[in-house]
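Structure, as structure tokens:
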Amino acid sequence: MPKPQIGTSRKTMSCSLAIGLDTGAANVLGTRYSAIDFRESIERQLESCPSVELNFAGVFVTQSFVDELLGPLILRMGASALERLAFSGCSDEAKAILRLVIAARLRDHSARQESRAAVPVNCVYYPLPESP
Amino acid sequence: MVELPPLLLTANIAGVLKICVQIDETADPVICDASRLIVAEPMALCALVVTLSRMQRVGRSVKVVGLSRQFKQHLESLDILTASLHLAEGDRNTGYQETLHAYRVKNEQHGNEVGNKIATEIAALIPSQQLAISALEALPKINSVFYPLAYIFTELIDNALRHGRGRGFNNASVCLCAQYHPPRGLIRLAVVDDGCGFLATFQGRGDIQVKSHAEAIRTGFRPFTSSKRDVGLFSDAQHQGLGLTICRDLALRSEGNVAVVSGNSWITNPEAHDEKSRLTPFWRGAALSVELRLPALNTVNFFEITSRYNPDPDLPIRFI
């Protein structure tokens, strides 16, 4: 299981996380399972750092991996996630996939916000009648 | 005894599945006669192996007899057969052609590693890719067949584990196999499971009405449609619903194709303009075959493929 490599910059008060394996071999991070530890590291770092740099140098990724990595985060935080995340070392392929996943999940976030807004805040609860 | 024909081909997967049904229904011990077998393409081999594994899982005695020495040695070198499967050599010294690369996927932790391993093996067979693989770490922008191969394998493995092993099918087998044909520049790969299949994964979804295996397969390849996608008020959406869609697009861009079998349906290039659909003998689970062609695979452009589904290509993202 790939282990996240974490770093912190005191000068800029930002944290960084290397998304990749330390095996030295060419690798594609493709399965959702392989994204879970990285996502949990990102979430922990966002608790204490205003900004987190995600370094994709030397690694290839799939849409499913990136969706598991960032999807839940963007669904919760919406566009504010983009203000706190930066992406470095990305190949053209990784950039294309990141753009796709982030844009689509932002759209899902907006859809969710609209659904929640449609439910009245002060709706009254009427209990169901008891069975005879 | 179930007799295997000389050719186990993807194009005749219906015939292969009929053999799998025969194996399922035959009385103990299960004996497969492979004395005429010459060629087994990836999807067909995986379907056979998964069926034999399932027989063993339920405690049945399974033997494959009449193998050529070459094929027996080749099968024993692959990590797809359980140790207890009995393989017996026949009188043939020659007969089996082609080299296969195949693995069983044990669990989710194993999935990513296996996908990369088989992609590396296939890419290493292609002379122009050998330098690219060794330099990949230093220069990730090198275009190589390794990336699309590993991309497709890991995505399909992920699907088989996440969906195929759902709905109570926790012990389903997941088998993958790949072959490279130099004269035609053809790479053939397959991921097969005997899990719950496409139709069962969509059951219980009120927003997705799927009533047939064929419709379930098509739905699985539709963008932003997943059995694990639920943008509800209080639940986290889990899957974006693009994994199979992009794998299909990768195959089509490389002048290849995708064939999918699940339940009683066999569809090639689902939801594409040249989709074809047929009925097959029943397959519990999902079997996917992908064909990729060189040199077209070398020119596949991920930006072009993903931009079709990107709702906001101009989104400001901080790339540094």
Looking at region A:117-124, is at least one residue at the interface with chain B (Cβ under 10 Å from one of its Cβ atoms) and modelled with pLDDT under 90?
yes
Consider region A:65-100. How many of its residues are of a type in the set (Val, Ile, Thr) and within 8 Å of chain B (Cβ to nearest Cβ)?
1
Search region B:1-55 for residues being open to solvent by 60 Å² or more (accessible area, probe 1.4 Å) and of a type in the set (A, V, I, L, M, F, W, C), and hand back the single one that is farthest from B:Phe169 (Cα to Cα).
B:Leu7
Output the number of residues of region B:143-166 satisfying the condition of being among the aromatic types (Phe, Trp, Tyr) and within 16 Å of B:Glu291 (Cβ to Cβ).
2
May I ask you to list the residues in region B:192-208 that are free of Cβ contacts under 8 Å to residues at least 40 places away in the same chain and on the phi > 0 side of the Ramachandran plot?
B:Gly204
If you scan region B:172-207, which residues turn out to be surrounded by fewer than 22 Cβ atoms within 10 Å (Cβ to Cβ) and of a type in the set (Asp, Glu)?
B:Asp207
What tally of residues in region A:49-105 results from selecting those that are open to solvent by 10 Å² or more (accessible area, probe 1.4 Å) and in a helix (DSSP H, G or I)?
12
Any chance region B:73-96 includes a residue that's basic (Lys, Arg), more than 25 Å from B:Val258 (Cα to Cα), open to solvent by less than 50 Å² (accessible area, probe 1.4 Å) and in contact with a strand residue (DSSP E or B) (Cβ under 9 Å, 6 or more places away or on another chain)?
no
When region A:29-44 is examined, which residues are found to be open to solvent by less than 10 Å² (accessible area, probe 1.4 Å) and either out of contact with any Pro (no Cβ under 7 Å at 6 or more places or on another chain) or outside any helix (DSSP H, G or I) (or both)?
A:Leu29, A:Gly30, A:Thr31, A:Arg32, A:Ala35, A:Ile42
Checking the conditions here, which among B:Leu189, B:Leu176, B:Leu161, B:Leu156 is without any contact (Cβ under 8 Å) to a residue 60 or more places away in the chain, among the aliphatic types (A, V, I, L, M) and either assigned to a helix (DSSP H, G or I) or under 15 Å from B:Val260 (Cα atoms) (or both)?
B:Leu161
Cβ pairs under 9 Å, 6+ apart or interchain, first in region B:56-74 and within 22 Å of B:Asn171 (Cα to Cα), second among the polar types (S, T, N, Q) and not in a loop (DSSP other than H, G, I, E, B), ordered by first then second residue, are B:Val62/B:Ser53; B:Val62/B:Gln56
So, in region B:148-164, how many residues would count as being open to solvent by 10 Å² or more (accessible area, probe 1.4 Å) and either of a type in the set (Asp, Glu) or facing another protein chain (nearest Cβ under 7 Å) (or both)?
1
Pick from region A:26-63, criterion over 21 Å from B:Leu242 (Cα atoms) and of a type in the set (Val, Ile, Thr), ranking: farthest from the other protein chains (Cβ to nearest Cβ):
A:Ile42
I'd like to know if region B:237-260 contains one or more residues that are open to solvent by 20 Å² or more (accessible area, probe 1.4 Å) and over 30 Å from B:Leu186 (Cβ atoms).
yes
Which members of region B:296-318 meet the condition of being open to solvent by 50 Å² or more (accessible area, probe 1.4 Å), under 13 Å from A:Ile97 (Cα atoms) and within 8 Å of chain A (Cβ to nearest Cβ)?
B:Phe303, B:Pro311, B:Asp312, B:Pro313
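The values are calculated or read from the model by the stated rules, or taken from the named source; none is laboratory data. Every value quoted in this text rests on a predicted model; they were computed, and no experiment measured them. Cβ: placed from backbone, ideal geometry, glycine included. Neighbour counts: every protein chain shown. Just the protein is used for accessible areas: all its heavy atoms, side chains included, with ligands, DNA and RNA removed. Shrake-Rupley method; radii C 1.70, N 1.55, O 1.52, S 1.80 Å.
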